[in-house]
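Below: the structure, in C-alpha cells.
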Amino acid sequence: MKRVALPSGEQVPAFGMGTWYMESAGDAAALKAGLDMGIRLIDTAEMYGEGRAEELVGEAIAGRRDQVFVVSKVYPHNASRKGIATACERSLKRMKTDRIDLYLLHWRGNIPFEETVAGFEALRGAGKIRHWGVSNLDTGDMEELWGASQAVQANQLLYNLTRRGIEWDLLPWLRERRIPVMAYSPIEQARLLKNRALVDFGRRHGITPAQAALAWLLAKDDVIAIPKAGNAQHLRENFDSLKVKLAPEQLAELERAFPPPKGPSSLEML
Ligand code: NAP
C-alpha cells in the first residue's frame with residue numbers, strides 16, 4: 001500500500017475513503033467492504049449528515065479501530081478553544097473511539113487561528129487527537145496559520161485533473177514545507193468520468209476513467225486521494241487504481257488534455 005509522509009514523520013495511506021453524503025446502512029457496509037479490501041484511511045466530518053457519517057464510520061471501524069487512520073473535521077464555528085473540545089468529544093462519541101488520528105479545521109471561519117491552534121494542541125496533549133491540519137486554506141491563509149504554528153500536518157483541498165489551480169502557488173508552498181495535500185472530490189463527484197478525453201485515455205490504456213484520474217493523483221509523492229464510493233464495485237475499481245502506474249508518456253498525455261494553470265486563481269471549493 002502506497003504511503004505519504006506527514007511532517008511529523010508518520011507514514012499514512014495514500015488512498016482513503018470519503019464519506020460525504022453517506023447516510024445509510026448500505027454506506028456502512030461499503031466502508032466495511034473497503035476495510036476488508038485493505039483500505040486503511042477514512043475521511044469524515046462532523047458536518048456530513050450532521051454527525052450521521054461519523055456514526056457510520058464508528059460502525060465500520062468497530063473491532064478494528066487500530067487498523068484505520070481516521071480523519072475528521074471540525075466546523076469553523078466550533079473551532080474556538082472551548083468549542084473544539086466539545087465538538088471533538090461529540091465526534092469521538094459518534095465514532096465510538098477514544099482518538100481521531102487527524103483532525104482538520106474544515107474551512108476558515110471567524111475564529112482567530114491562534115485560538116483554534118490552542119484548541120488543537122490541548123486535544124493533542126490530552127490524546128484525543130494525534131495530529132491536526134486544515135482544509136480549504138489558500139496560500140495567504142496558510143502563511144498566516146504558519147505564523148501561529150508550524151505543526152499543521154495536511155491541507156485537504158479540491159484537487160483533480162480539472163481542478164489544478166492549487167499547482168500555481170499553494171502546492172509549491174506546501175511542498176516546500178513537506179505538508180501533504182489530501183485531494184478531495186478526486187473524480188469531481190463523478191462528473192470527470194464522462195470527460196471525453198479521459199474516457200478516451202482510459203480506453204486506449206485499458207483502465208477506467210476513474211482509475212486514470214486517481215492514478216494521476218497517486219503518482220505524486222505527497223498527495224492522498226480520498227474518493228467516496230457507496231457502491232462496492234466502484235470501491236474496488238477505485239482501490240485498484242493503486243496498481244496502475246502511469247508511464248511518463250501517459251502522464252504527459254494527461255498534461256496535454258488537462259493543462260496546469262497559467263496563472264494565479266482563487267481557491268476553488270465544493
Ligand atoms: P468524489 O469522491 O470525487 O466522487 C464521489 C461520487 O462519485 C459518488 O457519487 C460515487 O458514487 C461516484 N463514484 C465513485 N467512484 C466511482 C466509480 N468508480 N465509477 C462511477 N462513479 C463513482 O467526490 P466527493 O465525495 O465530493 O469527495 C470525496 C471525499 O472528499 C468526500 O466524500 C469527503 O470525505 C471529502 N470532501 C471534503 C471536502 C472538504 O471541504 N474538505 C469537500 C468535498 C469532499 P457511489 O457512492 O454511488 O459509488
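Annotations for the structure displayed:
- Inter-part distance where region 237-270 and region 32-72 are each reduced to a Cα centre, Å: 27 Å
- Cα long-axis angle, helix 52-61 against the chain (0 to 90 degrees, to the nearest 10): 80 degrees
- Cα centroid of region 83-150 to Cα centroid of region 157-194, whole Å: 21 Å
- Neighbour counting of Cβ atoms within 10 Å sorts the residues Thr208, Thr19, fewest neighbours leading, into Thr208, Thr19.
- Placed amide H near Ile129: partners under 5 Å, 5+ positions off or other chain: Ile100, Arg124
- Approximate spin-label separation Ala25-His205, in nm, with each point projected 7 Å along Cα-to-Cβ: 4.1 nm
- Ordered by the count of other Cβ atoms within 10 Å of each Cβ, fewest first, Asp222, Asp43 give Asp222, Asp43.
- Radius of gyration, Dmax [the chain; alpha carbons; angstrom]: 17.9, 54
- Pairwise label distance in nanometres, Lys93 with Ser149, each label 7 Å out on the Cα-Cβ vector: 2.4 nm
- Projecting label points 7 angstrom from Cα along Cα→Cβ for Glu249 and Asn231 puts them 3.3 nm apart.
Bear in mind that the values in this text are calculations on the coordinates, not laboratory data. This one's a predicted model, so the numbers in the text were calculated from it and none came from an experiment. Cβ sites come from the backbone with ideal geometry, for glycine too, and all protein chains shown count toward neighbours.
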